[in-house]
1. Given the criteria open to solvent by less than 60 Å² (accessible area, probe 1.4 Å), in contact with an Asp or Glu (Cβ under 7 Å, 6 or more places away or on another chain) and modelled with pLDDT of 95 or more, does Ser80 qualify?
2. Starting from segment 19-33, take each residue that is free of Cβ contacts under 8 Å to residues at least 40 places away in the same chain and open to solvent by 60 Å² or more (accessible area, probe 1.4 Å) and list its partners that are of a type in the set (Phe, Trp, Tyr) and not in a strand (DSSP E or B), counting only C-beta distances under 7 angstrom and pairs at least six apart or across chains.
3. Please find, among Ala51, Ala12, the residue that is small (Gly, Ala, Ser) and modelled with pLDDT under 95.
Amino acid sequence: MSTREKIQEEVAVLEEISENNEIVLYNDDVNTFDHVIDTLIRVCEHTNEQAEQCAILVHYKGQCTVKTGSYEELKPQCTSLLEAGLSAEIQ
């Protein structure tokens with residue numbers, strides 16, 4: 001007679017729930033490419049290439065996500081973009 005032993009192991013799985021928000025930059029007819037690029041480099045810490053690509057996407061698509069993170073992290077950056085005259089919001 002053979003006895004089977006079942007070993008049940010309880011594993012606790014922790015899920016990190018992070019609500020990532022994003023700053024969406026919108027196209028306007030006021031700001032120059034240079035101003036948008038310079039502002040993204042200064043405020044969002046983009047590289048020159050990232051900032052140029054975002055500016056092009058905003059121009060042709062009407063909007064572009066320029067930064068993701070927690071709301072608390074994004075709020076001051078979004079405020080700086082708005083103060084620089086850009087159209088942006090946190091979603």
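The values are calculated or read from the model by the stated rules, or taken from the named source; none is laboratory data. This structure is a prediction, so every number in the text was calculated from the model and none was measured. Cβ sites come from the backbone with ideal geometry, for glycine too, and all protein chains shown count toward neighbours. These accessible areas exclude ligands, DNA and RNA; they are computed on the full protein's heavy atoms, side chains included. Shrake-Rupley method; radii C 1.70, N 1.55, O 1.52, S 1.80 Å.
1. It is false that Ser80 is open to solvent by less than 60 Å² (accessible area, probe 1.4 Å), in contact with an Asp or Glu (Cβ under 7 Å, 6 or more places away or on another chain) and modelled with pLDDT of 95 or more.
2. Cβ pairs passing all conditions: none.
3. Step by step, each of Ala51, Ala12 is checked, and only Ala12 is small (Gly, Ala, Ser) and modelled with pLDDT under 95.
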